[in-house]
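*Asks:* Let me give you the structure first, and then I'll get to my questions.
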Amino acid sequence: MQGKYSSEPALPLNELLTVVLITHNRPAFLRRAVKYYSSLPCRIMVLDSTPDRPEGDFSSVDYHHVPQFAYWGMQAKLAYGVEQLTTPYMVLAADDDFILHESLTESVNFLEANRDYGLCHGYCLMYLALAGSVSYYRRDKKVCEDYASERAEDRILDFMHQYVPPFYGVCRTSIIKNWYAALPPGTSFEWQEIGHTYYLLANAKARILPIPYVVREINFGFSDHNTEVYHALSYTDSKSVAEREAFAEFLASLPTGIN
């Protein structure tokens with residue numbers, strides 16, 4: 001590994017990191033997530049697009065009720081949220097995930113010590129809540145953990161070859177702000193995910209730490225909104241091919257480390 005793995009940041013975590021908690025129409029999950037993250041000594045922003053503000057005390061967080069974005073307005077909701085950020089690092093958090101507090105701190109420490117890296121996270125564990133027990137599963141197989149090539153093209157190819165999803169990783173806020181500023185309005189979930197990964201790796205190195213990072217509830221083989229990346233890449237009809245090629249041309253036009 002080329003990056004430094006252990007270092008203490010010069011600033012406290014609440015001046016370095018904002019957890020951006022995204023939620024829609026799930027008040028019980030939101031209250032649970034706010035309680036879970038409130039003990040973490042960092043800033044917490046809630047982006048809640050629920051039509052009616054849910055009951056609960058959200059005074060411990062920076063709560064934004066943004067019903068104008070609704071469920072399918074995820075891109076606009078995130079673009080709005082990241083523009084409010086003032087910390088150098090941010091992490092998106094789903095309302096039903098549990099990103100481990102220690103892992104967030106380690107990820108921030110790594111990025112503080114390695115200025116040429118823009119993304120850091122660890123490995124994912126899955127859980128399934130049953131009537132009388134909880135089952136846990138390891139989701140990710142161990143992969144190459146250091147994407148440190150000086151060539152952006154090599155970083156992207158190496159990362160995509162093994163692809164541990166980085167959407168909920170700790171990132172430099174400046175890169176994410178630039179990404180949402182450039183993203184065309186109305187981009188589908190699938191292309192948002194692929195483009196997010198491309199843009200991060202095109203602009204900086206990435207590190208997957210050999211630690212558990214997030215505990216996530218398992219889905220039974222499908223996406224809640226039927227937007228699996230695999231399907232988006234496999235469709236061969238003329239409309240899908242045209243959309244795919246148009247998005248590829250957009251990515252190629254972005255000002256990144258790829259010439």
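*Asks:* What Kirkwood radius, in Å to one decimal, follows from the Cα pairs of segment 33-83? Provide the component values of the computation, followed by the final result.
*Replies:* Details: mean 1/r = 0.0851 Å⁻¹.
Hydrodynamic radius (Kirkwood, Cα only) of segment 33-83 equals 11.7 Å.
*Asks:* Further question: Cβ under 12 Å from Leu30's Cβ, Leu30 left aside: what net charge do those residues give with Lys, Arg +1 and Asp, Glu -1? Kindly include the intermediate steps, with their values, before the conclusion.
*Replies:* Details: positive: Arg26, Arg31, Arg32, Lys35, Arg53; negative: Asp48, Glu55, Asp57, Asp95, Asp96.
Overall, the nearby charge balance is 0.
*Asks:* Enumerate the aspartates and glutamates that Lys141 could reach by cross-link, defined here as Cα to Cα under 18 Å, with residues fewer than 8 away along the same chain left out.
*Replies:* Answer for Lys141, where 18 Å is the Cα cut-off: Asp158, Glu217, listed by chain and number.
*Asks:* Compute the relative contact order of the chain as a whole-number percentage, counting only Cα pairs closer than 8 Å that sit 6 or more residues apart in sequence. Numbers along the way, then the final one.
*Replies:* Values: 410 pairs, mean separation 57.6, N = 259.
Averaging sequence separation for qualifying contacts and normalising by length gives 22 percent for the chain.
*Asks:* Can I ask one more? Can you return the lysines within cross-link range of Lys205? Criterion is Cα-Cα under 19 Å, with same-chain partners fewer than 8 residues away left out.
*Replies:* The reachable lysines, counting only those whose Cα sits under 19 Å from Lys205, are Lys4, Lys142, Lys177.
*Asks:* Stokes-Einstein D for the chain at 25 °C, 0.890 mPa s, Kirkwood Rh over Cα pairs, in µm²/s? List each step's numbers first, then the result.
*Replies:* Details: Rh = 19.2 Å.
Using the Kirkwood radius from Cα pairs, D works out to 128 µm²/s.
*Asks:* Another question about this same structure. Write down the percent of antiparallel bridges among all DSSP beta bridges whose residues are both part of the chain, to the nearest 5.
*Replies:* Details: 15 of 40 bridges.
Taking every DSSP beta bridge with both residues in the chain, the antiparallel ones total about 40 percent.
*Asks:* Further, regarding this structure: Quick one: accessible area per residue over the chain, 1.4 Å probe, rounded to a whole number of Å²? Show your work: numbers first, answer last.
*Replies:* Working: 12870 Å² over 259 residues.
Normalised by residue count, the accessible surface of the chain is 50 Å².
*Asks:* Another question about this same structure. Rounded to the nearest 0.05, what FRET efficiency do Lys142 and Glu217 have when you use their Cβ-Cβ distance and R0 = 22 Å? Before the final figure, lay out the partial values.
*Replies:* Working: r = 22 Å, r/R0 = 1.02.
E(calc), rounded to 0.05, equals 0.45.
*Asks:* Here's another thing I want to ask about it. Skipping prolines and chain starts, which residues have an amide H placed within reach, meaning under 5 Å, of the one on Val46, given they are 5 or more residues away or on another chain?
*Replies:* Leu21, Asp62, Tyr63, His64
*Asks:* Using only DSSP helix segments of four residues or longer, with each worth -39500 (n - 2.57), what per-residue ellipticity at 222 nm results for the chain after dividing by its residue count and rounding to 500?
*Replies:* Numbers: 8 runs with 93 residues, N = 259.
Taken over the chain, the calculation gives -11000 deg cm²/dmol.
*Asks:* Let me ask something else about it. Counting other Cβ atoms within 10 Å, which GluC sites (Glu not before Pro) in segment 6-91 have at most 14 and lie in a DSSP loop?
*Replies:* Glu55
*Asks:* What FRET efficiency comes out for Glu83 versus Arg53 if R0 is 30 angstrom and r is the Cβ-Cβ distance? Round to the nearest 0.05. Let's see the in-between values first.
*Replies:* Values: r = 21 Å, r/R0 = 0.72.
Efficiency computed from Cβ-Cβ geometry: 0.90.
*Asks:* Round to a whole angstrom and tell me the spacing of the C-alpha centers of segment 141-162 and segment 76-91.
*Replies:* Rounded to whole Å, the Cα centres lie 26 Å apart.
*Asks:* Tell me, what is the percent relative contact order of segment 37-186, built from C-alpha pairs under 8 Å that lie six or more residues apart? Walk me through the numbers on the way to the answer.
*Replies:* On the way: 144 pairs, mean separation 37.5, N = 150.
Relative contact order comes out at 25 percent.
*Asks:* Could you give the length gained on full extension between Leu157 and Asp62, defined as 0.36 nm per residue of separation minus the Cα-Cα distance, in nm? All intermediate terms of the calculation are to be shown ahead of the outcome.
*Replies:* Values: separation 95, 0.36 × 95 = 34.20 nm, distance 3.74 nm.
Result for the pair: 30.5 nm of gain on full extension.
*Asks:* Oh, and also: Each label point is 7 Å from the Cα along the Cα-to-Cβ direction; what then is the distance between the points at Tyr36 and Asn14, in nm?
*Replies:* Placing both labels 7 Å beyond Cα along the Cβ direction yields 2.2 nm.
*Asks:* In segment 143-193, which trypsin sites (Lys or Arg not before Pro) are in a loop and have at most 14 other Cβ atoms within 10 Å, using DSSP for the loop call?
*Replies:* The qualifying sites are Arg151.
*Asks:* How about segment 119-206: which GluC sites (Glu not before Pro) there lie in a loop by DSSP and see at most 13 other Cβ atoms within 10 Å? Provide the component values of the computation, followed by the final result.
*Replies:* On the way: sites: Glu145, Glu150, Glu153, Glu190, Glu193; in loops: Glu145, Glu150.
Of the GluC sites (Glu not before Pro), the ones in loops of segment 119-206 whose Cβ has at most 13 other Cβ atoms within 10 Å are Glu150.
*Asks:* Of all the accessible heavy-atom surface of the chain, with the other protein chains kept in place and a 1.4 Å probe, what percent is carbon and sulfur? Mind showing how you got there, number by number?
*Replies:* Values: 6950 of 12870 Å².
The C+S portion of the solvent-accessible surface of the chain is 54 percent.
*Asks:* Run the simple label-point estimate for Ser149 and Trp72 please: 7 Å along Cα→C-beta, distance reported in nm.
*Replies:* So the two model labels end up 3.8 nm from each other.
The values are calculated or read from the model by the stated rules, or taken from the named source; none is laboratory data. This one's a predicted model, so the numbers in the text were calculated from it and none came from an experiment. Cβ atoms come from the backbone with ideal geometry, glycine included; neighbour counts cover every protein chain shown. All accessible areas refer to the heavy atoms of the entire protein, side chains included, with ligands and DNA or RNA removed. Shrake-Rupley method; radii C 1.70, N 1.55, O 1.52, S 1.80 Å.
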